[in-house]
Amino acid sequence: MKKKITLISDAHNKHKHLNGDLPGGDILIHSGDISSMGYEHEITEFVKWMNNLNQYDNKIFIAGNHDKSFDVKYHKSPADSLWLNDTLAYVKELGIHYLNDTHITIDGVKFWGSPITPNFGEDYWAFNRSRGDEIRSHWNLISDYTDVVITHGPPAHILDWCVNGKLVGCQDLTYHIQRVKPKFHFFGHIHESYGIMDSPDTMFANASILNERYELVNKPLEFVL
């Protein structure tokens with residue numbers, strides 16, 4: 001049976017303005033940067049919002065480089081780690097799927113998700129990894145026979161154009177997408193490259209709903225799997 005998927009990314013706390021643009025369906029996916037800087041009140045509000053979207057049977061999200069509270073390197077005390085563990089336990093209790101280099105199978109459809117992006121801000125941003133061996137160790141974890149790969153950042157040369165003219169996608173991610181050949185690869189991160197690109201094996205989608213000026217201008221994307 002076909003699944004109706006709605007995809008959004010990079011809402012940066014503006015998800016609450018999307019309710020009228022969310023048509024409902026089988027699965028809602030948010031591909032990272034749910035917040036401005038990962039503050040506790042932002043994450044709490046996002047989880048509450050996502051839980052109240054009764055028009056979707058299933059909800060999946062990953063973190064992004066702005067969602068610092070999900071990255072343990074920013075935890076300054078045991079209380080920070082306790083808060084994250086409690087939050088993730090609550091998310092699971094609600095039936096919302098949070099993916100961090102992990103997969104979930106829903107009605108026979110296999111999803112794999114990761115917040116990792118190539119390093120572009122040293123230690124300022126969450127989930128940054130150096131290109132090469134360090135980031136490759138994450139992409140090696142993409143499960144075989146995955147139907148949908150969800151990452152925060154794009155692969156190289158696919159919807160990864162920045163307003164400064166640079167292409168910033170991850171070549172190592174491209175290699176592993178070609179290895180796995182998922183039906184879909186969903187991401188965001190590069191706001192100015194919102195859109196869809198198809199290939200013989202995989203359909204790619206950058207669902208950043210904000211533009212490079214953080215204005216809410218793009219619509220959620222819809223797919224049938």
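The values are calculated or read from the model by the stated rules, or taken from the named source; none is laboratory data. Here the structure is a predicted model, which is why all the values come from computation and not from measurement. A quick note on method: Cβ atoms are made from the backbone with ideal geometry, for glycine too, and the neighbour counts reach across all protein chains shown. Just so you know, the surface numbers come from the protein's heavy atoms only, side chains and all, with ligands and any DNA or RNA stripped out. Shrake-Rupley method; radii C 1.70, N 1.55, O 1.52, S 1.80 Å.
Residues that are touching a residue at least 60 places away in the same chain (Cβ under 8 Å), among the aromatic types (F, W, Y) and open to solvent by less than 30 Å² (accessible area, probe 1.4 Å): does the range 192-211 have at least one? Before you say what the answer is, go through the steps one by one.
Keep residues of the range 192-211 that are touching a residue at least 60 places away in the same chain (Cβ under 8 Å), which gives 205-210.
The next check asks that each one be among the aromatic types (F, W, Y); those that pass are none.
There is no residue in the range 192-211 that is touching a residue at least 60 places away in the same chain (Cβ under 8 Å), among the aromatic types (F, W, Y) and open to solvent by less than 30 Å² (accessible area, probe 1.4 Å).
Of all the residues in the range 173-225, those that are outside any helix (DSSP H, G or I), more than 17 Å from I5 (Cα to Cα) and basic (K, R) number 2.
Scanning the range 1-11 for residues that are open to solvent by less than 10 Å² (accessible area, probe 1.4 Å) and either aliphatic (A, V, I, L, M) or more than 22 Å from R213 (Cβ to Cβ) (or both) gives I5, T6, L7, I8, A11.
Can T174 be described as open to solvent by less than 10 Å² (accessible area, probe 1.4 Å) and hydroxyl-bearing (S, T, Y)?
Numbers: open to solvent by less than 10 Å² (accessible area, probe 1.4 Å): no; hydroxyl-bearing (S, T, Y): yes.
Against the criterion (open to solvent by less than 10 Å² (accessible area, probe 1.4 Å) and hydroxyl-bearing (S, T, Y)), T174 does not qualify.
Can you find a residue in the range 12-23 that is open to solvent by less than 10 Å² (accessible area, probe 1.4 Å), touching a His at 6+ places or on another chain (Cβ under 7 Å) and within 29 Å of K183 (Cβ to Cβ)? Within the range 12-23, none of the residues are open to solvent by less than 10 Å² (accessible area, probe 1.4 Å), touching a His at 6+ places or on another chain (Cβ under 7 Å) and within 29 Å of K183 (Cβ to Cβ).
Conditions tested, residue by residue: (1) aromatic (F, W, Y); (2) over 30 Å from N119 (Cβ atoms); (3) within 14 Å of the chain's Cα centre (by Cα).
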| site | (1), (2), (3) |
| --- | --- |
| L7 | no, no, yes |
| D26 | no, yes, no |
| G32 | no, no, yes |
| T44 | no, no, no |
| Y56 | yes, yes, no |
| I60 | no, no, yes |
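Look at the range 28-42: where a residue is without any contact (Cβ under 8 Å) to a residue 60 or more places away in the chain and surrounded by fewer than 24 Cβ atoms within 10 Å (Cβ to Cβ) and a partner is small (G, A, S) and assigned to a loop (DSSP other than H, G, I, E, B), sitting 6+ places away or on another chain with Cβ atoms under 8 Å, you get E42/S35; E42/S36. Pairing each residue of the range 157-184 that is under 28 Å from R213 (Cβ atoms) with any residue that is assigned to a helix (DSSP H, G or I), provided the two are 6+ apart or on different chains, yields C-beta distances under 7 Å for L159/S193; D160/S193; W161/E192; W161/S193; C162/E192; V163/E192; C170/I135; L173/W139. Which one is most open to solvent (accessible area, probe 1.4 Å), of the residues in the range 54-70 that are outside any strand (DSSP E or B) and farther than 18 Å from E42 by Cβ? Looking at residues that are outside any strand (DSSP E or B) and farther than 18 Å from E42 by Cβ, I get N54.
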